[in-house]
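**Q** Mind looking over this structure? Questions follow.
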Protein chains: 2
Amino acid sequence: MSGELVLRPIARVESTLTSRADAPRQGDEGAPDAWVVFDESVRAALDDLAVGDEIILISWFDRADRDVVTVHPRGDQSRPPTGVFSTRSPDRPNPLGLHRVTVLATDGLRIQVNNLEALDGTPIVDVKPVLGDITDR
Amino acid sequence: MSGELVLRPIARVESTLTSRADAPRQGDEGAPDAWVVFDESVRAALDDLAVGDEIILISWFDRADRDVVTVHPRGDQSRPPTGVFSTRSPDRPNPLGLHRVTVLATDGLRIQVNNLEALDGTPIVDVKPVLGDITDR
C-alpha cells in the first residue's frame, strides 16, 4: 500500500515517567498527573479546553518498535502471541496511543491532566473531546 | 516544534459514502456498514480480530483541511467558533479520526464493521480494542 502520511507534533508530555519499565500499562492503572505543553501554532485550537473536560489525547510512542505485529498480551509469556490490533501494545506498525484523561488545570499553552501513562517527552499529535450523547453534540 | 512522524496506511475503507456532504457527522448518527481492506504486511497483526469485537479504527481524513484551528461545531453558523481540540471536526492540524465500531464479519485481509462514517478510500492507520475492565485485560 503506497503513500506516507506525515504528522506534526503539536505538543509534548512533561511527566515524572521516564522509562517503559516504570510506566503503568494503562492510564487507569496508577498513572500520574502530567502536563501537556502545546506549540504556539495551535493556541487557538486549544482555547476552548477547560478544567473538567474529558478528552482523548493521541500520542506517538516514540520509543516503540514498529516492526512488531504480535505480542504476548501485557508482556505475560504464558499468554499466546496475539495480533497487535487486538492489544494496546505500544509496539505496532503505527505507534499511536489513545489516552482518555480529564483536564485538571489550564495555563496558556499548557494543560495538566490525570492518569497519563505516556513517558516524558512523548509527542502528542491530536486532542479530541470524549463524545457525549447525540443530543449534547 | 520540530520533527515529522510518518504514518503508513495499513488499510483502506470500502464504503458507499463518497462525499463529505453525504457523510453523517459521527458513526452512531446513521453511518453505514463498510469494509476495511488490510495490507498483506499486517496480516498477523489482524489475525485475532473476531466477529463481535468492539474496536477503535484510527483513520486519516485525507480530504481534510489541516490549516483549520477553529470551527463552528457541526457546521452550525449560529454556534461560536470553537477550538478544534474541543470538537470532532475532521479539519484539524493532524487529521486523525477515531471510529468505535463492531466487527460484523472477517474474510482474510478484510473485515466488515458497522457505523463507519469514513469515506470510501480513507486510509486506516491503526486498530485497537476497546478496553474492558482492568480485570479482563
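The values are calculated or read from the model by the stated rules, or taken from the named source; none is laboratory data. Values in this document were obtained by computation on a predicted structure and should not be read as measured data. Positions of Cβ are generated from backbone atoms using ideal geometry, with glycine treated the same way; all protein chains shown enter the neighbour counts. When the accessible area is computed, the model is the full protein with side chains, heavy atoms only, and any ligands, DNA or RNA have been set aside. Shrake-Rupley method; radii C 1.70, N 1.55, O 1.52, S 1.80 Å.
**Q** Please work out which one of (1) of a type outside the set (S, T, N, Q); (2) open to solvent by 50 Å² or more (accessible area, probe 1.4 Å); (3) within 11 Å of chain B (Cβ to nearest Cβ) is the condition residue A:92 fails and give its number.
**A** So the condition that residue A:92 fails would be (2).
**Q** Another question about this same structure. Looking only at the stretch A:27-65, which residues are surrounded by fewer than 14 Cβ atoms within 10 Å (Cβ to Cβ) and touching an Asp or Glu at 6+ places or on another chain (Cβ under 9 Å)?
**A** A:29, A:30, A:65
**Q** Let me ask you something else. Just name the residue that is farthest from the other protein chains (Cβ to nearest Cβ) out of those in the stretch A:40-89 that are small (Gly, Ala, Ser) and within 26 Å of residue B:86 (Cβ to Cβ).
**A** At the first step, the residues of the stretch A:40-89 found to be small (Gly, Ala, Ser) are A:41, A:44-45, A:50, A:52, A:59, A:64, A:75, A:78, A:83, A:86, A:89.
Cutting the leftovers down to within 26 Å of residue B:86 (Cβ to Cβ) gives us A:41, A:44-45, A:50, A:52, A:59.
On the way: A:41: 8, A:44: 4, A:45: 4, A:50: 8, A:52: 12, A:59: 10 Å.
By that ranking, first place goes to A:52.
**Q** Select from the stretch A:1-39 the residues that are under 20 Å from residue B:64 (Cβ atoms), more than 7 Å from every other protein chain (Cβ to nearest Cβ) and not hydrophobic (A, V, I, L, M, F, W, C) and list them in ascending order.
**A** A:2 - this is the single residue of the stretch A:1-39 that is under 20 Å from residue B:64 (Cβ atoms), more than 7 Å from every other protein chain (Cβ to nearest Cβ) and not hydrophobic (A, V, I, L, M, F, W, C).
**Q** Residue check: is residue B:122 at the interface with chain A (Cβ under 9 Å from one of its Cβ atoms) and either open to solvent by 70 Å² or more (accessible area, probe 1.4 Å) or among the β-branched types (Val, Ile, Thr) (or both)? Walk me through it before giving the result.
**A** On the way: at the interface with chain A (Cβ under 9 Å from one of its Cβ atoms): no; either open to solvent by 70 Å² or more (accessible area, probe 1.4 Å) or among the β-branched types (Val, Ile, Thr) (or both): yes.
Against the criterion (at the interface with chain A (Cβ under 9 Å from one of its Cβ atoms) and either open to solvent by 70 Å² or more (accessible area, probe 1.4 Å) or among the β-branched types (Val, Ile, Thr) (or both)), residue B:122 does not qualify.
**Q** Here's another thing I want to ask about it. If only one of B:6, B:84 is of a type in the set (A, V, I, L, M, F, W, C), open to solvent by 30 Å² or more (accessible area, probe 1.4 Å) and touching a strand residue (DSSP E or B) at 6+ places or on another chain (Cβ under 7 Å), which one is it? Step through it out loud before you land on a result.
**A** Details: B:84 fails: open to solvent by 30 Å² or more (accessible area, probe 1.4 Å).
B:6 is the lone residue from the list that is of a type in the set (A, V, I, L, M, F, W, C), open to solvent by 30 Å² or more (accessible area, probe 1.4 Å) and touching a strand residue (DSSP E or B) at 6+ places or on another chain (Cβ under 7 Å).
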